[in-house]
Amino acid sequence: MSVDSRRNGRAALAFHTLFMIFLLAPLVVVILVAFTPEGYLSYPTHGFSLRWFREILARPDFIKAFYQSLNLGLVSATLATVLSIPAALALARFRFTGREFLNGLFLSPLMIPHIVLGVAFLRFFSQIGIGGTFASLVFAHVVIIMPYTLRLVLAAVMGLDRETERAAISLGASPWTGFRRITLPQILPGVAGGWMLAFITSFDELTMTVFVASPGNTTLPVKMYNYIEQTIDPLLASVSTVIIVLTVAFMLVLDRFYGLDRVLSGKG
Amino acid sequence: MSEMTLESRMAGRSRPSVRSRSLAWIPFWLTGPAAVFFLVLLGMPLLMTLVLSFYTFDYTAGISETLTLSNYTDVLFDGYFHEIFLRTYEISLITTLCCVVLGAPEAYIIYRMRRPWRSICLLITLGPLLISVVVRTLGWVLLIGGNGLLSQFMQALGLAGTRGFSLMYTQTGVVIAMVHVLVPFMVISVWASLRKVDLSTGDAALSLGAKPFTVLRRVIFPQVLPGVLSGSLIIFALTASYFATPSIIGGRRLKVVATSVYDEYLSTMNWPLGASISIVLLVLNVVIVMSYSRWVERRFRRTLGEG
């Protein structure tokens, strides 16, 4: 490895190598096991087979859960972004009564454990009679992902130069045109970064969703969790491999687009 | 916190000079949809859970709306729950310490790397945060489970008996997997502080004759301490309420707070008791986060005052 050996000593590189192995080992093992030709979990695997990937296609319940996760992620990330943009504009540009309260309210889901949100939503949705519906999943997901979209959109709005928009409006553009033609294009990277972080957070969410999902409306993580509770076989490994590959592709796009460290420092 | 004060300062500066009555309503129109959404969909569920935690539960009659404190006296004074809460916070503490010991040096090592390796290693470190926790935990089940690689490895070294061994359903197993899930948060948190550090201060100390380890301890570490402290808080708070990993690796034999909430709701169906456990968890979480932040703030104000 051509890492900077002048500054990182031998001990540091040894530590680094072990750390990388620690991080990657569970993912690599999952991928290796997925290619087993055996009917049970075994490794090191003797031989190579796509048998368990074909098995996924024979499981409509997994396919359905995958599409439901995808839909849920798309709808809730979009809704969260649409709610975040005006809220971020107001929070960044106006000083008004209740501003601090609203800011705290919108970020509060970061402080509340997902398990608590899960039981709270379970009670609420079943009381108002929409328990287990797709709409209830969307509502719950928007609440937990909006802090992410709001933070990134807010950061984008704060870094904005307002002069061009003011100029446009003073030249007779309506505020809406000013927003659409001047402000929105400028904050678009932040909006897109927030949307993507929100999407992947929704797509992965288990703890809260496990309480809100129903057999008819389930997500892929919940489906996998329930399956693990029953049995662990190579099918889980092949489904996981598909998730890993898709996530890595998504991650590379996100990194190109916005910078992974910038996006994720907003995740804590 | 600092983010918020910065925002309000910016907001103050960019305050519109026009003070017409219609303009004053603009921020309320803009935040209105999100505010209504949150008050209804976050406020109501939490409030209803708070109320639910005072309801009475009977195994034959189910939930009745008679108010009682017995759920809370159960959670707060029963040895069974003490054990679960103690175990949860013990796991959180050990996980946090491991993340500090592993994550902080790793962030520093990656930070000192040259161009292509630096971003590649950062990507490898942070990437797992985006991969489903179920997938990552499954990986650990395969590694540390009954016939897992770790067991085979130890057998090959002659360290384990012929029957092999498993870390499933043990606290060690849960901690290992939790560290794997959460250590990226420490790296990113320390990384954020490192970006503000002037590494030439270290060079200066070196050139003045300090040993490399002394430089690390006296020059670099104090500068990244804020990152270590905020990373620790995130990790501690997340571990204390984590569900997926303790549930899959710890199972029913090693209950933590989150899995006991799950069991009360979905197995025992004693929702009021489950609700009171989650309210206690929520309150503890908020108290820990608040008092820790206050402690850190005070500490740094004092240090800065002395400096």
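Taking the criterion of being under 30 Å from residue B:267 (Cβ atoms), out of contact with any Lys or Arg (no Cβ under 6 Å at 6 or more places or on another chain) and of a type in the set (Phe, Trp, Tyr), would at least one residue in the stretch A:161-177 satisfy it?
Scanning the stretch A:161-177, I find no residue that is under 30 Å from residue B:267 (Cβ atoms), out of contact with any Lys or Arg (no Cβ under 6 Å at 6 or more places or on another chain) and of a type in the set (Phe, Trp, Tyr), so the answer is no.
Is one or more of the residues making up the stretch A:64-78 out of contact with any strand residue (DSSP E or B) (no Cβ under 9 Å at 6 or more places or on another chain), more than 27 Å from residue A:228 (Cα to Cα) and not small (Gly, Ala, Ser)?
yes
Can you name the number of the only condition in (1) facing another protein chain (nearest Cβ under 9 Å); (2) not in a helix (DSSP H, G or I) that residue B:252 fails?
(1)
Can you tell me which residue among B:91, B:84 is more than 30 Å from residue B:58 (Cβ to Cβ), assigned to a helix (DSSP H, G or I), more than 10 Å from chain A (Cβ to nearest Cβ) and in contact (Cβ under 8 Å) with a residue 24 or more places away in the chain?
Values: B:84 fails: more than 30 Å from residue B:58 (Cβ to Cβ).
One residue alone meets the criteria, B:91.
Looking at this structure, is residue A:181 among the charged types (D, E, K, R), assigned to a helix (DSSP H, G or I) and within 15 Å of the chain's Cα centre (by Cα)?
Details: among the charged types (D, E, K, R): yes; assigned to a helix (DSSP H, G or I): yes; within 15 Å of the chain's Cα centre (by Cα): no.
No.
If we keep just the residues of the stretch B:62-78 that are exposed (fewer than 13 other Cβ atoms within 10 Å of the Cβ) and assigned to a loop (DSSP other than H, G, I, E, B), which is nearest to the chain's Cα centre (by Cα)?
The qualifying residue nearest to the chain's Cα centre (by Cα) is B:78.
For the stretch B:200-212, what are the residues that are loosely packed, with under 15 Cβ neighbours inside 10 Å and assigned to a loop (DSSP other than H, G, I, E, B)?
B:208, B:209, B:211
Would you say residue A:225 is touching a residue at least 60 places away in the same chain (Cβ under 8 Å) and either closer than 21 Å to residue B:129 by Cα or in a loop (DSSP other than H, G, I, E, B) (or both)?
Values: touching a residue at least 60 places away in the same chain (Cβ under 8 Å): no; either closer than 21 Å to residue B:129 by Cα or in a loop (DSSP other than H, G, I, E, B) (or both): yes.
No: the conditions fail for residue A:225.
Of the residues A:225, A:258, which single one is touching a helix residue (DSSP H, G or I) at 6+ places or on another chain (Cβ under 7 Å), hydroxyl-bearing (Ser, Thr, Tyr) and within 8 Å of chain B (Cβ to nearest Cβ)?
Unique residue meeting the criteria: A:225.
Which residue, of B:41, B:52, is within 13 Å of chain A (Cβ to nearest Cβ), surrounded by 13 or more Cβ atoms within 10 Å (Cβ to Cβ), farther than 29 Å from residue B:182 by Cβ and modelled with pLDDT of 80 or more?
B:52
Starting from the stretch B:20-42, take each residue that is closer than 20 Å to residue A:138 by Cα and list its partners that are among the aromatic types (Phe, Trp, Tyr) and surrounded by 11 or more Cβ atoms within 10 Å (Cβ to Cβ), counting only C-beta distances under 7 angstrom and pairs at least six apart or across chains.
Here the result reads B:34/A:106; B:38/A:106; B:41/A:139, each pair linking the stretch B:20-42 to a residue that is among the aromatic types (Phe, Trp, Tyr) and surrounded by 11 or more Cβ atoms within 10 Å (Cβ to Cβ).
Would the stretch B:136-157 turn up any residue that is at positive phi and more than 9 Å from chain A (Cβ to nearest Cβ)?
Within the stretch B:136-157 (the criterion being at positive phi and more than 9 Å from chain A (Cβ to nearest Cβ)), the answer is no, since none of the residues qualifies.
Between A:208, A:158, which is within 11 Å of chain B (Cβ to nearest Cβ) and either within 18 Å of the chain's Cα centre (by Cα) or at positive phi (or both)?
A:208
Listed here are the residues, each with its yes/no results for (1) at the interface with chain B (Cβ under 7 Å from one of its Cβ atoms); (2) at pLDDT below 90; (3) under 24 Å from the mean Cα position of the chain (by Cα).
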{"residue": "A:92", "(1), (2), (3)": "yes, yes, no"}
{"residue": "A:98", "(1), (2), (3)": "no, yes, no"}
{"residue": "A:121", "(1), (2), (3)": "yes, no, yes"}
{"residue": "A:129", "(1), (2), (3)": "no, no, no"}
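What pairs come up if the first residue lies in the stretch A:83-105 and is in a loop (DSSP other than H, G, I, E, B), the second is of a type in the set (D, E, K, R) and at pLDDT below 90, and their beta carbons are under 6 Å apart, counting only those six or more places apart or on different chains?
The qualifying pairs are A:95/B:15.
Being in contact with a Leu (Cβ under 7 Å, 6 or more places away or on another chain) and of a type outside the set (A, V, I, L, M) is the filter here, so list the residues in the stretch B:247-264 that pass it.
B:264
Tell me which residues, restricted to the stretch A:60-84, are more than 22 Å from residue A:250 (Cβ to Cβ) and surrounded by fewer than 16 Cβ atoms within 10 Å (Cβ to Cβ).
Once the filter is applied, which keeps residues that are more than 22 Å from residue A:250 (Cβ to Cβ) and surrounded by fewer than 16 Cβ atoms within 10 Å (Cβ to Cβ), the stretch A:60-84 yields A:60, A:61.
What's the total number of residues in the stretch A:110-121 that are in contact with a Pro (Cβ under 9 Å, 6 or more places away or on another chain) and buried (at least 21 other Cβ atoms within 10 Å of the Cβ)?
4
Residues being at the interface with chain A (Cβ under 9 Å from one of its Cβ atoms), assigned to a helix (DSSP H, G or I) and more than 8 Å from the chain's Cα centre (by Cα): count how many of those fall in the stretch B:233-247.
Selection size over the stretch B:233-247: 2.
Could you tell me which of the residues B:230, B:166 is in contact (Cβ under 8 Å) with a residue 12 or more places away in the chain and assigned to a helix (DSSP H, G or I)?
Details: B:166 fails: assigned to a helix (DSSP H, G or I).
Checking each option against the conditions leaves just B:230.
Output the residues belonging to the stretch A:122-167 that are in contact with a Ser or Thr (Cβ under 7 Å, 6 or more places away or on another chain), surrounded by fewer than 22 Cβ atoms within 10 Å (Cβ to Cβ) and in a helix (DSSP H, G or I).
Once the filter is applied, which keeps residues that are in contact with a Ser or Thr (Cβ under 7 Å, 6 or more places away or on another chain), surrounded by fewer than 22 Cβ atoms within 10 Å (Cβ to Cβ) and in a helix (DSSP H, G or I), the stretch A:122-167 yields A:138, A:165.
The values are calculated or read from the model by the stated rules, or taken from the named source; none is laboratory data. Source: prediction; values computed, not measured. Because the Cβ atoms are built from the backbone with ideal geometry, glycine has one as well, and the counts that use them run over all protein chains shown.
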